[in-house]
Structure formats: structure tokens, C-alpha cells
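First up is the structure itself, then whatever we jot down about it.
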Amino acid sequence: MADKRTLAGRYAIVGVGEAGLGRAPAGSTSLSLQCRAARLAMQEAGLGPADVDGVLAHWDDRANALLVAEYLGIHPQYVDNTVVGGQSNITHLVHAMAAIEAGLCEVALVTYGSTQRLDQSRARAGVVQDPRSPTGQFATPYGMLNPVGYYAMLAQLYSSRFGCAPEDLGEVALAARGWAQLNPNAARQAPLTMEDYLASPLIADPLRKLDICQINDGAGAMILTNADRARDLAQKPVSIRGFGDTYRHHMTPLGNEDWLDNGALRMVADDALAMAQLDRQDIDTVQIYDAFTINVLVALEALGFCEPGGAGAFVGGGRIAPGGPFPLNTSGGGLSFNHSGQFGMQLTIEAVRQVRGECGPRQVPGARTCLVQASGMVMSAHMVMILDAT
């Protein structure tokens with residue numbers, strides 16, 4: 001097997017764009033939003049459609065990369081519609097690196113878009129399951145809220161094993177709202193207190209309404225190329241220093257795997273850090289996929305930033321909030337900024353903007369490195385990527 005560490009620092013994100021965040025204009029489609037975001041990303045990089053020869057995209061249509069390419073007038077040499085849940089966009093970056101390395105393309109466009117709020121395509125119970133699938137056969141008929149119910153089970157397991165006060169989860173929600181109040185594009189900016197959080201209704205015990213990410217519209221785009229090409233483009237490049245990923249199962253862990261202690265996330269974090277030749281203390285800011293508040297507590301421990309069972313104390317006292325010593329989810333995250341489905345896109349765009357120093361009131365002073373963690377489906381796939389200001 002080739003040593004992927006040779007890829008460290010050889011590829012860079014050279015343009016990003018977002019469109020339709022929150023509630024998209026009437027008549028928008030996931031395709032139209034993706035293409036708006038793609039144009040912004042190309043403009044930022046100083047590139048046009050003729051410069052792009054790789055397109056990686058997904059949402060509603062299995063051939064979405066072809067739709068995006070046709071809409072933009074791109075004739076790609078390489079396309080990819082891989083779907084592994086919320087981290088798919090970051091997986092696309094890795095696939096784009098591999099494609100460029102293999103000579104299949106030179107400049108790759110990664111897009112994602114959704115109009116799930118505008119279309120009202122998500123109900124409180126979550127996404128519709130194929131009744132022939134394992135989840136459709138063995139979970140949905142018994143009333144499981146998907147994915148909320150599974151993460152409520154994760155929170156129950158965490159609480160049983162380590163103890164978890166409601167206020168521990170509340171600290172995550174409050175910190176996200178604090179960051180969102182510094183982000184003019186955030187959907188939720190109203191002040192939030194612990195009393196407000198505790199008064200929030202239970203949806204799936206122990207998860208309250210404010211423990212659960214929003215349902216928003218939105219699209220994003222990123223452009224990736226090799227470091228040599230990146231130096232000649234209009235925007236300051238952001239280098240991919242390291243990554244680690246693993247793919248465990250489809251949709252829900254119905255087997256005997258320990259949800260809290262399977263070692264998957266720790267393994268990919270160690271892999272990414274080793275590739276980047278960095279230690280945890282070298283990371284200036286962290287972006288964690290916060291579809292639910294419990295994700296943040298579990299991820300902080302699994303990533304090795306604190307001991308098992310120690311995340312509640314770790315986030316306490318505003319440690320991860322604006323002004324705290326561990327800036328986390330600086331956009332406001334999926335809880336308060338925007339969650340349009342595959343939130344890995346927005347996490348990575350925020351990371352790019354942080355290390356470029358473009359985040360205004362929420363900018364982390366001196367930020368040069370950012371660790372992005374995203375998972376796919378329901379604890380099914382895991383990705384850690386480390387970005388660095390070149």
C-alpha cells in the first residue's frame with residue numbers, strides 16, 4: 001500500500017463559496033444552490049469553468065456531479081458521487097487528491113447543496129428509510145426516530161458509563177450560540193441561557209430540542225488543486241496537512257460494536273496527526289460535527305483532547321465558547337449556524353476561513369491550524385482532516 005503521508009501538504013483548497021444558507025429563496029433547488037456556491041468558489045480562486053476538470057458532488061440525484069458540470073458548462077475528466085453521509089464532502093477532497101495524484105484531473109470542484117427546509121423533506125422522525133434495508137426492517141417498524149433516537153441511545157450509554165448532567169450538554173449548546181452571535185450568517189442568534197436550555201422540551205430522552213441540530217437549506221463549494229498550481233492563483237491557499245478516515249458499516253450500528261469505545265475515531269485522529277507531523281497541542285481551533293450536543297462530548301474524548309468521561313468538565317465554564325482557551329465550532333456549528341444535511345462542507349469552509357484569518361469578530365487570533373472532525377450516517381464512517389495556512 002502506498003504511504004499517504006507523502007501527500008501531506010501537497011494539495012490545497014484554493015476557493016470556497018456558500019449560498020442559500022438558512023432558508024433558501026423560493027424556487028431554489030439543491031442544484032441551483034450548489035452552482036451558485038461553485039461560481040463564488042471559482043471567482044475566489046480566480047478560475048473559470050474551463051479551468052475545472054474534476055467535479056465531485058452529491059445530494060438528491062445519483063448523477064449530481066454530471067448535473068453540476070452541465071449547469072456550469074464544465075466538461076470534466078473525472079466525476080465522483082460518493083455518499084457516506086455527513087462527511088461525504090471531506091471524503092470527496094481525499095478522492096480529489098487521489099484523482100489529481102493519478103493524473104485523472106488537475107483542478108477539482110467539490111459541491112453540496114440541500115433545500116430540505118424549503119421542501120420540508122425532513123420530518124421530526126428524520127429521513128425516510130427503504131423498507132427493504134436492514135434499518136427499514138429491523139429498526140424503523142419499532143418506532144425509532146432516525147437519527148435522533150440513535151444519538152439519544154448514545155447519550156444514554158454515555159451517561160450510564162460515565163455520568164452526564166444535562167448542563168454538560170447545555171454547555172455545548174450555549175457555546176455554539178455564543179459563536180453564532182458573532183456570525184452574521186448564522187440562523188440562530190438569539191441569546192441563550194442555561195435556563196432556556198433546560199426548559200427546552202425533551203425530544204428523545206435525554207436529548208432536548210436544543211441538543212439537536214437545525215434543519216436548514218444551504219450549499220457549499222470548495223476547489224482543490226496541487227500546491228504548485230495553488231501558489232499561482234488569486235486566493236491564499238489552505239494546505240491539507242493530514243487526514244484519516246474509516247468506513248465501518250451502513251447507517252446504524254446494529255451489531256455488537258461498542259458505540260463509545262470502538263477506537264475508530266481515535267485511530268483516524270492519530271493517523272491524521274501523524275501525517276501532519278503535529279501534536280494535539282499544535283491545533284489552534286477544532287471543528288466537530290455537532291448534529292447533536294452528545295457528538296461533541298464523545299468526539300472530544302475519542303479524539304484524545306480529554307480523558308474518557310472527562311468531556312463534561314472539559315467544556316465547562318465556557319472553555320469552548322468565544323474567549324475560551326479551546327475555540328470549537330467557531331461558526332456556531334450545526335446547532336446554531338446552519339445544518340443543511342451534510343455538514344462536513346460547512347465545517348471545512350469555516351476551517352478554511354479561520355486559517356486564512358477572515359472570520360471577523362469570531363476570528364481565533366493567530367489561528368494557523370484547524371482540525372476538522374466529521375462522521376457519516378449514524379456513527380458509520382469517520383473522518384479527521386487537518387488544514388494549515390501555507
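The values are calculated or read from the model by the stated rules, or taken from the named source; none is laboratory data. Predicted model, so just to flag it, every value in this text is computed and none were measured. Methodologically, a virtual Cβ is constructed for each residue, glycine included, from the backbone with ideal geometry; neighbour enumeration extends over all protein chains shown. Please note that ligands, DNA and RNA were not included when accessible areas were found on the heavy atoms of the full protein model with its side chains. Shrake-Rupley method; radii C 1.70, N 1.55, O 1.52, S 1.80 Å.
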Index of the failed condition, VAL172 passing every other in (1) surrounded by fewer than 22 Cβ atoms within 10 Å (Cβ to Cβ); (2) out of contact with any Lys or Arg (no Cβ under 8 Å at 6 or more places or on another chain); (3) more than 28 Å from VAL79 (Cα to Cα) | (1)
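Condition check: open to solvent by less than 10 Å² (accessible area, probe 1.4 Å), within 21 Å of ASP205 (Cα to Cα) and more than 15 Å from the chain's Cα centre (by Cα). Does LEU297 satisfy that? Before you say what the answer is, go through the steps one by one.
Details: open to solvent by less than 10 Å² (accessible area, probe 1.4 Å): yes; within 21 Å of ASP205 (Cα to Cα): yes; more than 15 Å from the chain's Cα centre (by Cα): yes.
When the stated conditions are applied, LEU297 passes them.
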Can you name every residue in region 378-390 that is closer than 22 Å to GLN87 by Cα and open to solvent by 10 Å² or more (accessible area, probe 1.4 Å)?
-> MET379, HIS382, ASP388
Here are some conditions: (1) open to solvent by 20 Å² or more (accessible area, probe 1.4 Å); (2) under 28 Å from PRO184 (Cα atoms). SER336 meets all but one. Which one does it not meet?
-> (1)
Would you mind stating whether VAL79 is open to solvent by 10 Å² or more (accessible area, probe 1.4 Å), in contact with a strand residue (DSSP E or B) (Cβ under 6 Å, 6 or more places away or on another chain) and β-branched (Val, Ile, Thr)?
-> yes
Of residues in region 1-32 being assigned to a loop (DSSP other than H, G, I, E, B) and within 15 Å of ALA227 (Cα to Cα), the one most open to solvent (accessible area, probe 1.4 Å) = ARG10
Can you name the number of the only condition in (1) part of a helix (DSSP H, G or I); (2) surrounded by 19 or more Cβ atoms within 10 Å (Cβ to Cβ) that ALA313 fails?
-> (2)
Which condition does GLY244 not pass, out of (1) open to solvent by less than 20 Å² (accessible area, probe 1.4 Å); (2) not in a strand (DSSP E or B), if it passes all the others?
-> (2)
Answer yes if at least one residue in region 273-294 is surrounded by 22 or more Cβ atoms within 10 Å (Cβ to Cβ) and over 30 Å from ALA41 (Cβ atoms), and no otherwise.
-> yes
Output the number of the condition that SER375 fails; it satisfies all remaining conditions of (1) closer than 16 Å to VAL16 by Cα; (2) open to solvent by 10 Å² or more (accessible area, probe 1.4 Å); (3) of a type in the set (S, T, N, Q).
-> (1)
Candidates MET194, MET153 - the one that is over 19 Å from the mean Cα position of the chain (by Cα) and under 28 Å from ARG362 (Cβ atoms) | MET194
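If you scan region 351-368, which residues turn out to be outside any loop (DSSP other than H, G, I, E, B) and open to solvent by less than 10 Å² (accessible area, probe 1.4 Å)?
Just the residues of region 351-368 that are outside any loop (DSSP other than H, G, I, E, B), to begin with: 351-355, 360-362.
Across region 351-368, the qualifying residues are ALA351, VAL352, GLN354, VAL355.
Where in region 133-240 are there helices (runs of 4 or more DSSP H), lying wholly inside it, with at least 1 residues that are in contact (Cβ under 8 Å) with a residue 12 or more places away in the chain and basic (Lys, Arg)?
Details: elements: 134-138, 148-162, 166-180, 194-199, 227-230.
It comes to 148-162, 166-180, 227-230.
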If we ask which residues in region 262-287 are free of Cβ contacts under 8 Å to residues at least 60 places away in the same chain and not in a helix (DSSP H, G or I), their number turns out to be 3
